[in-house]
Amino acid sequence: MWGSGLLLLLVGLWHRSHAQSSEPMFQVVTQTMLPPDSLHNPTQLNYGMAVTDVDGDGDLEVVVAGYNGPNLVLKYDRTQNRLINIAVDDSNSPYYALRDRTGAAIGVTACDVDGDGREEIYFLNTNNAYSGKATYSDKLFKFRNGRFEDLLSDELNVRRGVAKSMAGRSVACVDRKGTGRYSIYVANYASGNVGPHALLEMDDAASDVNAGVVALSDVAAEAGVNRLTGVEDRYQHGRGVALADFNGDGKTDIVYGNWNGPHRLFLQGSDSKFRNIATGRFADPSPIRTVIAADFDNDKELDVFFNNIAYRGSAPNRLFRVSRRADADPLIQQLNVGDAAEPQGRGTGGTVTDLDGDGQLDLLLAHGESAQQPISVFKVTQGSSNNWLRVVPRTQFGSFARGAKVTAFTSQSGAHTRIIDGGSGYLCEMEPVAHFGLGNDEVTVLEVSWPDGSSITRSLQPGEMNSVVEVAYPKEGETTALANDTQCGKGYTVKNGRCAGL
């Protein structure tokens, strides 16, 4: 009797788990949010996506790398409740140059290179070259003189030889000095000794930001990253990576997509060494192009989205929930991806952001390379009643603090950590926001750490839940310690003015 009762219990738990995982996570809303047309969503080859504030109005836009057509800048219009492309074919438009339709762009990233408080936009162009030398330069656009202009085309930078005409394959931003001025890391495919990686940053001594003069230098050799990336078949090819804390220990873990090879989820241990815990369907090889780590249904657990390219038959996208456990590795469960499966989608890029401000992330997917397809837009179907918090750290200059680490201490579920993205997924860059799904939990304390080691810890008031919280870079001498009676939540207490584990 006891054995049969246990069996029934296990079967019931299986069915409950299966029912939860079989509910579709995403519903396609492309037709209402971004109808395919020649201006707003042309059917063309697209690649990478990045999220930044292009027009400077405080809202976030999605920048799309167009390969055989123009680059796009998709803005959410709150009066029409839809996305519109503001990079129109009009030379009088301030966004006209961003189109750069002859560039054959594959990657895109955004960050504040010159410290003026507004992000520049870097397009990684291939101009149809697979490796080595290309015939068309990358572009680094700065908003200057009332419009976006290419810094790499400035005579000053042409003389300095920093424009990259290489077959680039990935690009990201890093604040390597902790100054709030970002360097742009460009990974190229080399042909022999042609095409080393590049690291572009502003030369302070030769620049005058107030006058719009930004002198650039390639400091890859100085930083020791002027490496040559080969393409021999014996190597496995990374096609997507994302950083997150998957087990709640405060350390940064890595999820890694492997082109037609086993995908990996590396947990960082107390000795700073990484251990792969990926098994089963999560690890199954696929033609991966983008990896996204985010809490789509705001249930407190991170989800991992694998975006594949169907270049040799069906290759559906996959979604997994990575659930934290107190005394064991996270539990990995495959979820029903719903409409975002796109088994015949030629997935090349993807990104997430909260377009309409409802507190849930929206998913956008780009397609290209093997077939022309329009962009897809998806809404999340679950978790609309769950709590959430969105945190935007700022640099010394007021721009987005790419690379900052944000930890939310909660009443019930411990600490949750996010990294502000400077480039991930392979060709893409996620929104510059730490998005926390919280279920029925609440954040009590917020801690933000910047790339230079500066940090702020402060209490969060109940009225700040379900909102966007801006966090400014700490001023010199600013006190950020918590009071001793501050509640850091389950498993934590105040030590030396900060939340620490018991």
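Taking the C-alpha atoms only, the angle from helix 2-22 to the longest principal axis of the chain is near 30 degrees.
Above 19 Å, the calculated P(r) of the stretch 325-424 contains 63 percent of its Cα-Cα pairs. Coupling constants for the stretch 350-355 follow from the phi torsions by the Karplus curve (6.51 cos²θ - 1.76 cosθ + 1.60, θ = phi - 60°), and in residue order they are x, 7, 10, 6, 8, 5 Hz; glycine and proline get x. Counting 0.36 nm for each residue step from Asp53 to Ser93 and taking away their Cα separation leaves a gain of 12.7 nm. If you plug the beta carbon distance of Gln461 and Asn68 into 1/(1 + (r/R0)^6) with R0 = 56 Å, you get a FRET efficiency near 0.65.
Full extension of the chain segment joining Lys273 with Gln412 gains 47.2 nm, where the gain is 0.36 nm per residue of separation less the Cα-Cα distance. Exposed loop sites are taken as chymotrypsin sites (Phe, Trp or Tyr not before Pro) in a DSSP loop (any state but H, G, I, E or B) with at most 15 other beta carbon atoms within 10 Å; the longest stretch of the chain without one runs 312-502. Once you have a ≥ b ≥ c as the square roots of the Cα gyration tensor eigenvalues for the stretch 218-295, tell me rounded if a/c is under 1.5, and otherwise prolate or oblate according to whether a/b is larger than b/c. It comes out oblate by the Cα gyration axes. Pairs with C-alpha atoms separated by more than 25 Å, drawn from the list Lys273/Lys490; Lys379/Lys405; Lys251/Lys300, are Lys273/Lys490; Lys379/Lys405. Placing unit charges on the Cβ atoms only, positive for Lys and Arg and negative for Asp and Glu, gives the stretch 23-126 a dipole magnitude near 440 debye about its Cα centre. Accessible surface area normalised per residue over the stretch 438-484 is 52 Å², counting heavy atoms of protein chains with a 1.4 Å rolling probe. The phi torsions of the stretch 312-328, fed into the Karplus equation with coefficients 6.51, -1.76 and 1.60 and a -60° offset, translate into couplings of 9, x, 4, 8, x, 5, 10, 9, 9, 9, 10, 8, 6, 10, 5, 10, 7 Hz, rounded to whole numbers, with Gly and Pro shown as x. Here the chain is treated with +1 on each Lys and Arg Cβ and -1 on each Asp and Glu Cβ, and its dipole about the Cα centre works out to around 1360 debye. If R0 is 41 Å, the Cβ-Cβ spacing of Ser38 and Thr229 corresponds to a FRET efficiency of close to 0.65.
The values are calculated or read from the model by the stated rules, or taken from the named source; none is laboratory data. Here the structure is a predicted model, which is why all the values come from computation and not from measurement. For neighbour counting, all protein chains shown are included, and Cβ atoms are generated from backbone atoms with ideal geometry for every residue, glycine included. Please note that ligands, DNA and RNA were not included when accessible areas were found on the heavy atoms of the full protein model with its side chains. Shrake-Rupley method; radii C 1.70, N 1.55, O 1.52, S 1.80 Å.
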